Each structure stands twice: as structure tokens, then as C-alpha cells.
1. Where residues in the stretch 1-36 are within 24 Å of GLU223 (Cα to Cα) and charged (D, E, K, R), which of them is surrounded by the fewest Cβ atoms within 10 Å (Cβ to Cβ)?
2. Out of all the residues in the stretch 84-98, is one or more surrounded by 15 or more Cβ atoms within 10 Å (Cβ to Cβ), in a strand (DSSP E or B) and on the phi < 0 side of the Ramachandran plot?
3. On the basis of being charged (D, E, K, R), over 30 Å from ALA177 (Cα atoms) and in a helix (DSSP H, G or I), does GLU116 make the cut?
4. Could you pull out the residue among ILE99, ILE134 that is more than 29 Å from GLY28 (Cβ to Cβ) and either aromatic (Phe, Trp, Tyr) or under 18 Å from the mean Cα position of the chain (by Cα) (or both)?
5. Looking at this structure, is LEU67 buried (at least 24 other Cβ atoms within 10 Å of the Cβ), assigned to a strand (DSSP E or B) and touching a Pro at 6+ places or on another chain (Cβ under 8 Å)?
6. Please go through (1) in a loop (DSSP other than H, G, I, E, B); (2) touching a residue at least 60 places away in the same chain (Cβ under 8 Å); (3) farther than 15 Å from CYS16 by Cα for CYS79 and return the number of the only condition it doesn't satisfy.
7. Under 7 Å between Cβ atoms, which residue pairs at least 6 apart in sequence (or on different chains) link something in the stretch 158-177 that is within 13 Å of ASN137 (Cα to Cα) with a partner that is among the basic types (Lys, Arg)?
8. What single numbered condition from (1) acidic (Asp, Glu); (2) under 23 Å from LYS31 (Cα atoms); (3) at pLDDT 90 or above fails to hold for ASP182?
Amino acid sequence: MRLRYDLHIHSCLSPCGDDALTPAFAAGTAKLCGLDVAALTDHNSAKNCPAFFRAAEFYGLSPLGGLELSTIEGVHVLCLFDSLEKIMEFDLFAADHLIKMENDPEFFGNQLVCDEEDEVLSEEKYLLSGDTDICFNDVCGIVKSYGGVALPAHIDRKVNGAVEIFGTVPAEAGFTAYELRDRANTEDLMVHMRPNPLIIYNSDAHYAEHIGSAGGAANVDDELIRELGAASALLRYISEGVKR
């Protein structure tokens with residue numbers, strides 16, 4: 001079955017995200033865009049994932065939980081999980097390793113934690129768009145130990161991309177898949193990936209109108225979808241790193 005996805009969506013929790021893009025609004029928009037699977041991936045925090053999962057259930061969307069981790073080198077890594085329990089455990093780990101600096105909402109933007117009814121529950125004190133003290137080469141193994149899958153984010157981007165910062169994606173980091181935002185950049189970046197790479201195309205949406213814009217889709221085994229559900233089956237597909 002061909003699953004349409006967008007696995008890199010921010011919400012009002014990210015200081016650079018639209019305050020109007022609540023987790024429930026993100027889930028509803030993803031469904032309206034015709035997506036089968038969507039992931040909420042705010043900067044260094046998953047605190048809006050509980051509301052996203054509840055809203056996704058209401059809208060009939062298969063959710064993945066996640067966050068966009070910023071390493072000590074300033075490289076962004078997408079960390080994805082197929083259960084709310086797993087992502088919230090990893091959220092605690094990420095929070096412990098965030099380099100603490102208080103947020104200035106007027107300068108960086110608000111960091112809003114919401115429920116599925118769009119009510120603001122709290123605001124995050126520390127700036128989430130900063131770095132953690134975690135090394136890039138360690139992320140893949142750490143995320144796997146928490147039951148998730150990691151992939152280097154937007155490697156076709158000049159800011160916070162592995163290729164721009166390291167000159168390539170270090171093979172020793174152990175990634176099985178890579179994220180791009182623009183298909184037009186695929187051929188130029190093949191040299192930085194392992195042979196026959198699995199590439200995931202995501203929007204990195206910070207505003208509702210960008211959700212689903214990357215046109216990501218994957219052919220996932222029907223039997224696996226029936227067994228695990230669409231979201232878990234897609235994550236298994238990504239973890240195997242095999243194109244179909």
C-alpha cells in the first residue's frame with residue numbers, strides 16, 4: 001500500500017512555529033491534506049505530542065510522535081517513535097540534555113503547550129531551538145535504545161544540516177535513512193549517503209499551509225500495515241532502510 005506521509009511538522013511549541021498551529025490543528029490539517037501518517041516534531045521537545053495523538057485519533061490520522069533534536073554540533077536529527085509512551089520517555093531524556101537558556105518570547109517566539117481543544121496549558125521556560133549536549137554520532141544508537149528511529153534532518157538545507165556542517169553525513173553515525181525537503185536536491189546529495197539510500201521527503205512545516213507540501217509517499221507491505229497499523233509499519237519501513 002502506498003502511504004502518504006509528512007513526518008516533520010512543528011507546532012506552536014517551537015518558538016519559530018506559528019502560534020496558531022496547535023497540535024490539534026496540525027493533525028486536522030494533515031488529514032485534510034490526504035496524509036495517512038503524520039508526525040509532530042518540535043524542537044527538542046515532545047510536550048505537544050499527547051494532544052497531537054488524541055486529535056489524530058479523532059480525525060482518523062495515524063500518528064507518530066517525535067522531536068527534532070539539535071546536537072552539540074548544531075545538526076538537526078529527526079527522532080521518531082510509534083507510541084506516545086516511547087516518545088514521552090525520550091522527551092525526558094532530551095530535556096535533561098538541553099543546554100539551558102531561558103526563552104525570550106518577544107525575541108524568539110512563544111513556546112506553547114496545548115491540549116487537544118487548543119487550550120494553552122503552559123509555556124516552556126527554556127529555549128527549545130538551542131542545542132543539546134548530545135553528539136551527532138551518538139544519536140542513532142540512543143534513539144534506537146528508546147525504541148525509535150533517527151534520521152538526519154533536511155540534509156539539503158544550509159542551516160543545521162549534516163552536509164553543510166560536516167561536509168557529508170558521517171557513515172559511522174549509523175543512519176539507515178535520510179531526510180530531504182526538496183526532491184530536486186536528491187541527485188546532488190547522493191554522494192553523501194550510503195549506496196541505494198532510503199530518502200524520506202518531509203515538509204519541515206512551521207505553518208499549516210506547508211503541511212504535506214513535500215509529497216512524501218512510501219510503498220509499505222499491506223500485511224505489515226494490517227499487523228502493526230500504518231504509523232508503526234511506516235516506521236519499520238524506515239528503520240530497515242530499504243527502498244521498495
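The values are calculated or read from the model by the stated rules, or taken from the named source; none is laboratory data. Given the structure is predicted, the values throughout are model-derived calculations rather than measurements. Note that each Cβ is placed from the backbone with ideal geometry, even for glycine, and that neighbours are counted across all protein chains shown.
1. Looking at the filtered set, the residue picked out is ARG2.
2. Our first condition is that a residue be surrounded by 15 or more Cβ atoms within 10 Å (Cβ to Cβ); within the stretch 84-98, this holds for 84, 86-91, 93-95, 97-98.
Retained after the next criterion (residues that are in a strand (DSSP E or B)): 98.
Filter once more, so that each one left must be on the phi < 0 side of the Ramachandran plot: 98.
Yes, because at least one residue in the stretch 84-98 is surrounded by 15 or more Cβ atoms within 10 Å (Cβ to Cβ), in a strand (DSSP E or B) and on the phi < 0 side of the Ramachandran plot.
3. In short, no.
4. Among ILE99, ILE134, only ILE134 is more than 29 Å from GLY28 (Cβ to Cβ) and either aromatic (Phe, Trp, Tyr) or under 18 Å from the mean Cα position of the chain (by Cα) (or both).
5. Judged against the criteria, LEU67 is not a match.
6. Answer for CYS79: the failing condition is (1).
7. Close Cβ pairs (under 7 Å, with a partner that is among the basic types (Lys, Arg)) amount to ALA171/ARG194.
8. Condition (3) is where ASP182 drops out.
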